[in-house]
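Peer 1: To start, I am sharing the structure in question, which I have written as structure tokens.
The values are calculated or read from the model by the stated rules, or taken from the named source; none is laboratory data. Owing to the predicted nature of the structure, the values given are computational and were not obtained by experimental measurement. Don't worry about glycine lacking a Cβ; one is built from the backbone with ideal geometry, like all the others, and counts go over all protein chains shown.
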Amino acid sequence: MNRKDYKHAMDQIEPEADLQNRIAQKLLRQKPTSPFRIKRVQYIMGSLLFVIIIGIIGLDMWKSANEPLIDVREPIEQVDPNEHIDDPNAITIPKIKLPDKSDAMADMIGLIVYKGNIYTQTSTHISAENATELRGDKLGRTKAGIDEWSEQTDYVELASTIGVADIFSVNGYDSDFRIMSYQVHEGQIYAELYEHLNGITIANGEDLIGKTKVKDNMETVRWQDYNNWYYSKPQFHTLPLNQTLHTFMAALYEAKPMDGEKLYKEGIYDDGAQNQKVLFFKLKDQTEVQMWLFKGNYVKYANAPVFFQLEPAAFSALWDSL
């Protein structure tokens, strides 16, 4: 679906009676409510009418996991990563420096400042039960208060958009890459994963995808076509753990990175129904990693502004099997 088709579809929508409640529930799933954030829920509910009026823009930003949660086209601080990689194919994703004034979108997403780096809520999911088992060492407790009116000076250590929550390392993963928020309210566990996807240099797929531990820990794999994913339809297909998949993963780890902004301008997101599919990897530790496939032998993970271009034979073999 291109943007013109999407706008036409939006024009035909008549809000249902319970639309307000359903949007609120989905927003809350993006960023779980804590006992310290009830007033925030009231703010969101009061803003729903405004969200509907700007539906095309707001829903597009909320729904599309293909585009960065934070607009990296805003002024950012060009900071070299700590580790230099001497490779002509390497791409450096600069360390994000938010604008002097953050925007409303920054208030809608999960964001944590840890060790001076910005971690954002990831597309990788985990259940509450498994989060308890994966919870590692306590790293600190977030500070509430980052919102659309925050200034750059408000982004201090453990500042966040998620309210007050305990932050932990994740067993089996480097805390320089992934951390977890974890809290219990009235017996209900709320846990979310956050990843540091900026201020790094990537020379191949393993430099980023390898951090998810997906290659050697696949338990099951499912896939969706673009339309089912886009409209949140629970229609999945099982992908066998066969040689075609293993060859694809090996090629992904060796794939060279490509500039996401350049591909965006060239129209890689156009005609999503024809050119995109989504993979869901359930790992042995029960985390679920999502990746997007794009015709042209490209794979994208989460909100990192980079694509990986695979060797054609390995990509096509998997694509044609879906």
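Peer 1: Inside the range 126-147, can you point out the residues that are surrounded by fewer than 16 Cβ atoms within 10 Å (Cβ to Cβ) and assigned to a strand (DSSP E or B)?
Peer 2: Correct list: 136, 137, 138, 140, 141.
Peer 1: Of the residues that sit in the range 197-211 and are under 28 Å from residue 164 (Cβ atoms) and surrounded by fewer than 23 Cβ atoms within 10 Å (Cβ to Cβ), which one is modelled with the lowest pLDDT?
Peer 2: Selected residue: 199.
Okay, residues lined up against (1) under 21 Å from residue 198 (Cβ atoms); (2) out of contact with any Gly (no Cβ under 9 Å at 6 or more places or on another chain):
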position: 223; (1), (2): no, yes
position: 251; (1), (2): no, no
position: 276; (1), (2): no, yes
position: 290; (1), (2): yes, yes
position: 295; (1), (2): no, yes
position: 315; (1), (2): no, no
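Peer 1: Moving on to the next point. Tell me, which residue of the range 154-181 that is acidic (Asp, Glu) and within 26 Å of residue 286 (Cβ to Cβ) is surrounded by the fewest Cβ atoms within 10 Å (Cβ to Cβ)?
Peer 2: 174
Residues checked against (1) buried (at least 19 other Cβ atoms within 10 Å of the Cβ); (2) outside any loop (DSSP other than H, G, I, E, B); (3) more than 21 Å from the chain's Cα centre (by Cα):
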residue	(1), (2), (3)
246	no, yes, yes
253	no, yes, no
257	yes, yes, no
268	yes, no, no
280	no, yes, no
292	yes, yes, no
300	yes, yes, no
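Peer 1: Among the numbered criteria (1) modelled with pLDDT of 95 or more; (2) surrounded by fewer than 20 Cβ atoms within 10 Å (Cβ to Cβ); (3) not in a strand (DSSP E or B), which single criterion is violated by residue 315?
Peer 2: Every listed condition holds for residue 315 apart from (2).
Peer 1: Just the residues that are basic (Lys, Arg) and either assigned to a loop (DSSP other than H, G, I, E, B) or in the same structural domain as residue 259 (by TED's automatic domain parsing) (or both), please, taken from the range 171-225.
Peer 2: 211, 213, 215, 222
Peer 1: Residue 228: polar (S, T, N, Q), surrounded by 15 or more Cβ atoms within 10 Å (Cβ to Cβ) and assigned to a loop (DSSP other than H, G, I, E, B), yes or no?
Peer 2: So residue 228 does not fit the description; no.
For every residue, the table says whether it meets (1) farther than 30 Å from residue 174 by Cβ; (2) in contact with a strand residue (DSSP E or B) (Cβ under 7 Å, 6 or more places away or on another chain); (3) of a type in the set (Asp, Glu).
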| residue | (1), (2), (3) |
| --- | --- |
| 212 | no, yes, no |
| 230 | yes, no, no |
| 238 | yes, yes, no |
| 262 | no, no, no |
| 277 | no, yes, no |
| 297 | no, yes, no |
| 302 | no, yes, no |
| 305 | no, yes, no |
| 319 | yes, yes, no |
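Peer 1: I've got another one for you. Does the range 154-170 hold any residues that are without any contact (Cβ under 8 Å) to a residue 40 or more places away in the chain and assigned to a strand (DSSP E or B), and which are they?
Peer 2: 166, 168, 169, 170
Peer 1: Which ones in the range 251-275 are over 18 Å from residue 322 (Cα atoms) and hydrophobic (A, V, I, L, M, F, W, C)?
Peer 2: 255, 258, 263, 268
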